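Written out below as structure tokens is the structure these notes cover.
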Amino acid sequence: MPDMPKFTKSSPQIVERFGAVMDRYPDVERRKMFGYPAAFVGGNMATGLFAENWVVRMSDAELATAIAEGAAPFEVMPGRPMKGFVVIPPAIVADDEAVGAWVEKGLALAGAMPPKEPGTRRKKA
């Protein structure tokens, strides 16, 4: 099994930005994922931080458009993209209206997924 990479902490500025944007959505569950702030709907991750990156869940149909708009595939470990997630471009993160639109897509998609029961984990095949 390969060694897990060391994760860099998110800056206080991006953590504060994430919190301010997520305050608009009081029904969203906020907790940590990979040690970083994240938002969940029905137990499904919708959006979150990873180091200095803000990631969001996207449908397969939206992924190509998001990447064309400057998003990058989200990789926890280099070369291993996390399916269904992209890194929001920094210029979008800085724009209240624009980041809200991306976050709302992630929240809607996570909300449309079957809810996960607390404490259950998917078993690897």
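The values are calculated or read from the model by the stated rules, or taken from the named source; none is laboratory data. The shown structure was predicted, so the numbers you read here are calculated from the model rather than taken from an experiment. For neighbour counting, all protein chains shown are included, and Cβ atoms are generated from backbone atoms with ideal geometry for every residue, glycine included. Side chains are part of the model used for accessible areas, which takes the heavy atoms of the whole protein and leaves out ligands, DNA and RNA. Shrake-Rupley method; radii C 1.70, N 1.55, O 1.52, S 1.80 Å.
Do we have Val41 as surrounded by 14 or more Cβ atoms within 10 Å (Cβ to Cβ), touching a Leu at 6+ places or on another chain (Cβ under 6 Å) and either without any contact (Cβ under 8 Å) to a residue 24 or more places away in the chain or not aromatic (Phe, Trp, Tyr) (or both) here? Spelling it out, Val41 is indeed surrounded by 14 or more Cβ atoms within 10 Å (Cβ to Cβ), touching a Leu at 6+ places or on another chain (Cβ under 6 Å) and either without any contact (Cβ under 8 Å) to a residue 24 or more places away in the chain or not aromatic (Phe, Trp, Tyr) (or both). Against the conditions (1) under 19 Å from Ala98 (Cβ atoms); (2) open to solvent by less than 40 Å² (accessible area, probe 1.4 Å), Asn53 satisfies every one except (2). When the residues of the range 79-96 are filtered to those that are of a type in the set (D, E, K, R) and outside any loop (DSSP other than H, G, I, E, B), the one that is least open to solvent (accessible area, probe 1.4 Å) is Asp96. Checking the range 58-74 against the condition returns no match, with no residue being open to solvent by less than 90 Å² (accessible area, probe 1.4 Å), β-branched (Val, Ile, Thr) and in contact with an Asp or Glu (Cβ under 7 Å, 6 or more places away or on another chain). Here the condition is being of a type in the set (A, V, I, L, M, F, W, C) and either open to solvent by 20 Å² or more (accessible area, probe 1.4 Å) or farther than 23 Å from Tyr25 by Cβ (or both); of Ala46, Ala101, it holds for Ala101 alone. Just one of the listed residues (Gly79, Gly100, Gly35, Gly84) is at positive phi and in contact with a helix residue (DSSP H, G or I) (Cβ under 8 Å, 6 or more places away or on another chain), and it is Gly84.
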